[in-house]
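The values are calculated or read from the model by the stated rules, or taken from the named source; none is laboratory data. None of the values given here were measured: they were computed from a predicted structure. Cβ placement follows ideal geometry from the backbone for every residue including glycine, while neighbour counts extend to all protein chains displayed.
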């Protein structure tokens, strides 16, 4: 199993934008076949070093991660929403 984690800093970290982004990220659970599970969390501390929202995706294998990265729905979420709203991101992929 693989865990794919991405933390995002948003340009606008209002409650409305965080909720919209969380909803869009969670929608991948039902629309990307290789996804086993998704968690999305919103930061409540808002410290200068905090990221605003995180995505944790569980996948079956490294091959499934490759498929996830190329999946049409995932690509559209990244292109149409995340690239528009994020200031920066960091990612980590590891075996579980």
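The residues in region 1-19 that are surrounded by 11 or more Cβ atoms within 10 Å (Cβ to Cβ), more than 11 Å from the chain's Cα centre (by Cα) and either free of Cβ contacts under 8 Å to residues at least 40 places away in the same chain or outside any helix (DSSP H, G or I) (or both) can be counted, and the count is 10.
One residue alone among 87, 63 is over 10 Å from the mean Cα position of the chain (by Cα) and farther than 18 Å from residue 7 by Cα, and that residue is 63.
Return the residues of region 54-77 that are touching a residue at least 60 places away in the same chain (Cβ under 8 Å) and either in a helix (DSSP H, G or I) or over 11 Å from residue 34 (Cα atoms) (or both); say none if nothing qualifies.
So the first thing to find is which residues in region 54-77 are touching a residue at least 60 places away in the same chain (Cβ under 8 Å), and the list is 61-62, 64-65, 68.
Across region 54-77, the qualifying residues are 62, 64, 65, 68.
Residues that are outside any loop (DSSP other than H, G, I, E, B) and within 17 Å of residue 89 (Cβ to Cβ) within region 27-51 comprise 28, 38, 39, 40, 41, 42, listed in sequence order.
The set of residues in region 59-96 that are under 17 Å from residue 20 (Cα atoms) and touching a helix residue (DSSP H, G or I) at 6+ places or on another chain (Cβ under 7 Å) comprises 73, 74, 77, 81, 85. Here residue 47 passes the criteria (1) exposed (fewer than 13 other Cβ atoms within 10 Å of the Cβ); (2) modelled with pLDDT of 95 or more except the one numbered (2).
Can you tell me which residue among 36, 79, 29 is surrounded by fewer than 16 Cβ atoms within 10 Å (Cβ to Cβ) and out of contact with any strand residue (DSSP E or B) (no Cβ under 6 Å at 6 or more places or on another chain)? Explain how you work it out, then say what you get.
Numbers: 36 fails: out of contact with any strand residue (DSSP E or B) (no Cβ under 6 Å at 6 or more places or on another chain); 29 fails: out of contact with any strand residue (DSSP E or B) (no Cβ under 6 Å at 6 or more places or on another chain).
Exactly one residue qualifies, and that residue is 79.
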